[in-house]
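Here the structure comes first, spelled out in structure tokens, and everything after it is commentary.
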Amino acid sequence: MTELSTPFEALLNHTTLLAMWGALILHWFFPVPAYISPVTMWRRVAEAISDKVNHDEDSPEQQRLSGGLALTVMWLTLAVLLVALKQIVWIGWLFDLLLLWLALSWKPLTELAMQVEQALIRDDKPAARTLLSQTLNRETHSLSPVGIAKASCETLLVGYARGLVCVLFWYAILGGIGAFLYTLTAQLAQVWPPRRQEFSQFGLAASGFLALLDWMPSRLFALLIAAGHRFEPALTAIREHGQSWSVNGAGWLLAASGAKLQLSLGGPAIYDSEKCTRPSIGGSVAASAIHLALLNQQLRQKALLWILIQSFLMWFAHGLL
């Protein structure tokens with residue numbers, strides 16, 4: 001009896017791992033609604049700050065400085081507040097669970113992808129464009145069905161990485177505070193995207209900081225996606241196009257998934273009514289609703305595998321300590 005109960009007792013003692021699984025289950029069944037999420041409030045504060053300090057008439061150097069200071073003040077203020085709260089809470093693992101639950105955001109994206117998929121099947125392009133515009137920073141009103149499917153695949157890929165994988169990665173390293181701060185950094189990069197003219201300089205600090213935080217987990221996830229069937233073509237695509245396409249790991253993700261499904265991703269996109277040239281990446285097959293469904297299924301399996309691997313590594317590290 002003692003030998004059978006030992007693993008269970010060890011699991012109960014590993015509160016960090018229990019909090020991670022608790023937050024994942026909670027997010028799966030009860031994702032935080034946007035209208036009550038502190039992340040939404042954070043975005044509004046970021047928008048208000050940029051309205052006050054980001055001015056078109058300022059020099060590029062001044063705009064970059066303002067963006068860096070805005071990022072530093074917002075990020076450090078909340079980091080200090082969270083660390084202080086951590087010291088006074090009675091149940092530390094519950095605090096971590098709450099922060100991780102607030103940080104996760106991949107479940108709504110999977111549901112959005114399924115809604116876009118159904119709209120494409122019905123050939124309801126206006127509905128698909130409207131759904132996609134809820135989460136995409138670029139313009140969607142002129143997208144063709146192929147463009148909608150391609151943009152949805154790219155959004156789903158980055159969403160799985162930034163809404164789940166990278167969040168869990170930083171949770172394993174820095175706990176709930178690290179996971180929550182990562183999500184808030186990703187939100188700043190989304191609110192101040194350098195691809196939009198008004199944030200071309202102001203948003204560089206936030207996007208650069210996010211690229212630094214994304215560097216390791218997004219590449220590891222891309223390699224996990226590449227593993228298995230068509231591993232060699234996926235690895236070749238990553239080697240040839242992944243790094244040149246993007247510095248934040250998105251290129252690796254698109255290259256791996258595009259090569260696995262032989263799917264054409266990337267290409268031109270419209271920001272502020274201007275076409276932005278992006279190199280094509282992946283395969284040569286035009287995206288469609290079926291590819292969006294296949295990608296969603298593949299990412300769900302790879303995400304589960306990531307969770308299991310991370311759980312094992314956290315268990316092993318806890319045993320060593």
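The values are calculated or read from the model by the stated rules, or taken from the named source; none is laboratory data. Predicted, not measured: the structure shown is a model, and the values here were computed from it. Heads up, the Cβs are rebuilt from the backbone with ideal geometry, glycines too, and the neighbour counts pull from every protein chain shown.
Listed by first and then second residue, the pairs linking a residue in the range 25-43 that is under 15 Å from Ala186 (Cβ atoms) to a residue that is not in a helix (DSSP H, G or I), with Cβ atoms under 8 Å apart and 6 or more places separating them unless they lie on different chains, are Val39/Val32; Val39/Ser105.
Looking at the range 247-258, is at least one residue crowded, with 19+ Cβ neighbours inside 10 Å and not in a helix (DSSP H, G or I)?
Initial filter on the range 247-258 (crowded, with 19+ Cβ neighbours inside 10 Å): 248-258.
The next check asks that each one be not in a helix (DSSP H, G or I); those that pass are 248-249.
Yes, there is a match, as at least one residue in the range 247-258 is crowded, with 19+ Cβ neighbours inside 10 Å and not in a helix (DSSP H, G or I).
Taking only pairs six or more apart or across chains, which ones have beta-carbon atoms under 8 Å, a first residue in the range 73-92 that is touching a residue at least 40 places away in the same chain (Cβ under 8 Å), and a second residue that is among the polar types (S, T, N, Q) and surrounded by 10 or more Cβ atoms within 10 Å (Cβ to Cβ)? Close Cβ pairs (under 8 Å, with a partner that is among the polar types (S, T, N, Q) and surrounded by 10 or more Cβ atoms within 10 Å (Cβ to Cβ)) amount to Trp75/Thr185; Gly92/Thr15.
Taken over the range 260-299, the residue count meeting the criterion of being touching a residue at least 12 places away in the same chain (Cβ under 8 Å), of a type outside the set (Lys, Arg) and part of a loop (DSSP other than H, G, I, E, B) is 10.
Of everything in the range 306-321, what is modelled with pLDDT of 95 or more and either loosely packed, with under 13 Cβ neighbours inside 10 Å or farther than 18 Å from Met20 by Cα (or both)? Give them in sequence order. Passing the criteria: Leu308, Ile309.
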